[in-house]
Structures are given as structure tokens and as C-alpha cells.
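The structure appears right after this line, and notes come after that.
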Amino acid sequence: MPLDKQALPLDAEPSAVADARRWVVEVCHELEREDLIECAELGVSELVTNAVLHGQPPLWVRVRGTQEHPRIEVADASPTQPEAPQPAFYDEDSEEGFLATFGRGLSIVAMSSVTWGASMEADGKVVWFEPAAEMHEDAYREGVIDVRTDEPQWSSPADAVEVQLLGVDVKLFIGTRNQYSDLRRELRLLSLAHEADYPLARDLSTMFITFERQIPPGADKQIAAQQRRGATRVDLTVETTQSAATIFTTMLEMFDLADAFCRAERLLSTARTASQREFQMWFLGEFIRQAAGEAPTPWSARPSSAGHRVS
């Protein structure tokens, strides 16, 4: 199975339940995890039913995690944390009545999973579970709820250094940022649910938090504004500190280590592409070089080589 299987978009209709069940059966076969099929079908049926009844479109289902610990995720645009739905009265012969027989909160998900949880995102929520090899009776196991927190306010430090990022490729910046966000979330969930199995995921997650504290939010805001104007290349001006250069240098190695971890564990999210890796090396390299007093190097003028490293 490829490292990244595309998500399956779902209609906010009763037919979505059957579509999702067929999809997860296919996923289990591709992962050679036929032992998980029964619980995967039950769990995804419950999550999709709750998304149809209580969530907001768009809806989708996808697989993440590793082959050892595959995770089935169902997303919708509602910002409300998952909870057991209130009893409803439907005609049992109607499609809504059929759905209501399944929509019993998360007890079925808990009983058919090794662990389950939810991630509250800026554009809604993702409810997930790792299917078990067989059903169990613990219907009240607490889930892992990962709540999004507001970004800390950036205050200009006394030793701030202005960094100019010239000729930034907007599309590549966004793609690299999204890849990083997916990877960060993946490592965080692995470390929360299986810390003993994936100690490297925990260590990388800790490093990522430290790294993010050194990056001011200005770049994202400037890119978003230029994207709305249709720009493909932009010049950015942000701040850093001389002390942050050491962390950025370490992160260049950590991102390579994260790529290797993705491939070694068959992590079902993408490692960086070659172009994303090169862009990230240039991007962080500009912080490192300019903090040391060097002049900016535009993205278009960087040495282009798969083996290029920032000194």
C-alpha cells in the first residue's frame, strides 16, 4: 500500500455509510490486515452515521497511522466535539430510522477499537479509531481528544534579526506547510496513543513544538494575503533571533529523520517530496545564514541539488 492513500469524499447521505464500509474493507486488504475488517466496518459505520446525522459537510474518510496501528479517520466541518447523540424518534422503516439504529454515540467505536479519539481542527473535527482484532466490552473507554489551542502571540525579542525571504514559491510554501502540519499531527497522535511503541514520535513532537516557538506567524499571513491576490512568487520579511539558528540547524536533521521514520514505519502520511525537502532546507537556511549576518539568497538563485545542504 502506498505511504499515503487518498481520502474518500462522502456525501452527507445515508449511502455514505455503505460507501465507507466498502472503502475500509479495501484498505484492510491492502494493508494485509484482514484481521481488522469486522471492527473496522463497525467503527466506521458509527462514525460516518454520526457525521451524517450531527456533523456538517464536507465529509470524508481516510486511513493514517502505521501498518501495525492503522487509524481510520472520519472528518466533518462541525466544530462541536463528539458526544453521544440524544435519543430521537424515527420511523424505523425510513432511511433516518435506519441510521438512528446505529447512531449510539461512541460506545460502538470504543468497543471495536484499540484506542479512539478526536482532533479539533480549524475547519472542523476529525474523529478516529484504531480497529481492534475483535470486539470487547469496554464501551466507556475515554478517548484521546486533541483540542486545537490558539497560537501564542509573537512579541519581538530584544535580539530580533530581520530575515528577508525573496522569491518564495507560494504553491511550494503552502504544500510544504501542509505536509508539515499533517506530519506534526501524525507524530503527536502516535506519541499520545502509543508512546512506548514509537518513542521517536514523542521526541520529534517535542522538537517540533520547540521549533514552532521560533517561527513568527508573519510568513503564513503574508503568504495567505498574496495567494488571495493570485501571486505565485512573493518576498517575505519576518523576524528571528540569533539563538534560534541553532534550533533551525537541528531541525534540518530532524526533518530528514522524520522522513526516514515515515518510510521505516510505513507511516500512512507522506514524507516530504524532493522539492519540499529542498525548499525547506533553503527556507530554514535563510534564517540561519541571515542570523549570522549574511545577505539574502533568493529561492530562484539557490544551488539546486538533491544533495545540497546548508552550511
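For region 1-27, which positions are of a type in the set (A, V, I, L, M, F, W, C) and without any contact (Cβ under 8 Å) to a residue 24 or more places away in the chain?
The answer is Ala18, Val25.
Checking the structure you have, find out if any residue of region 113-124 is open to solvent by 20 Å² or more (accessible area, probe 1.4 Å), at pLDDT 75 or above and in a loop (DSSP other than H, G, I, E, B).
Checked against the condition, which is being open to solvent by 20 Å² or more (accessible area, probe 1.4 Å), at pLDDT 75 or above and in a loop (DSSP other than H, G, I, E, B), region 113-124 yields at least one hit.
Residues checked against (1) more than 24 Å from Ala264 (Cα to Cα); (2) surrounded by 16 or more Cβ atoms within 10 Å (Cβ to Cβ):
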| position | (1), (2) |
| --- | --- |
| Lys5 | no, yes |
| Asp11 | yes, no |
| Ala16 | yes, yes |
| Arg22 | yes, no |
| Glu26 | no, no |
| Glu34 | no, no |
| Glu38 | yes, yes |
| Leu42 | yes, yes |
| Val48 | yes, yes |
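Sort out which residues of region 191-221 are open to solvent by less than 60 Å² (accessible area, probe 1.4 Å) and either in contact with a strand residue (DSSP E or B) (Cβ under 7 Å, 6 or more places away or on another chain) or outside any helix (DSSP H, G or I) (or both), and write them in order of number.
Listed by number, the residues that qualify are Ala193, His194, Tyr198, Gln214, Ile215, Pro216, Pro217, Gly218, Ala219.
Right, Ala244: within 20 Å of Ile174 (Cα to Cα) and either charged (D, E, K, R) or open to solvent by less than 20 Å² (accessible area, probe 1.4 Å) (or both) or not?
No; evaluated as a whole, the condition is false for this residue.
Taking the condition touching a residue at least 60 places away in the same chain (Cβ under 8 Å) and open to solvent by 60 Å² or more (accessible area, probe 1.4 Å), does Thr232 pass?
Yes.
Restricting to region 283-301, give me the number of residues that are free of Cβ contacts under 8 Å to residues at least 60 places away in the same chain and outside any helix (DSSP H, G or I).
4
Cβ contacts < 8 Å: first residue more than 30 Å from Thr241 (Cα to Cα), restricted to region 189-214; second residue of a type in the set (Phe, Trp, Tyr), any location; separation 6+ or different chain. Result?
Here the result reads Leu189/Trp128; Leu190/Tyr198, each pair linking region 189-214 to a residue that is of a type in the set (Phe, Trp, Tyr).
Which of the residues that make up region 242-264 are assigned to a loop (DSSP other than H, G, I, E, B) and touching a strand residue (DSSP E or B) at 6+ places or on another chain (Cβ under 9 Å)?
Gln242
The values are calculated or read from the model by the stated rules, or taken from the named source; none is laboratory data. Source: prediction; values computed, not measured. With ideal geometry, Cβ positions are generated from the backbone for all residues, glycine too; neighbour counts draw on all protein chains shown. Side chains included, ligands, DNA and RNA excluded: accessible areas come from the protein's heavy atoms. Shrake-Rupley method; radii C 1.70, N 1.55, O 1.52, S 1.80 Å.
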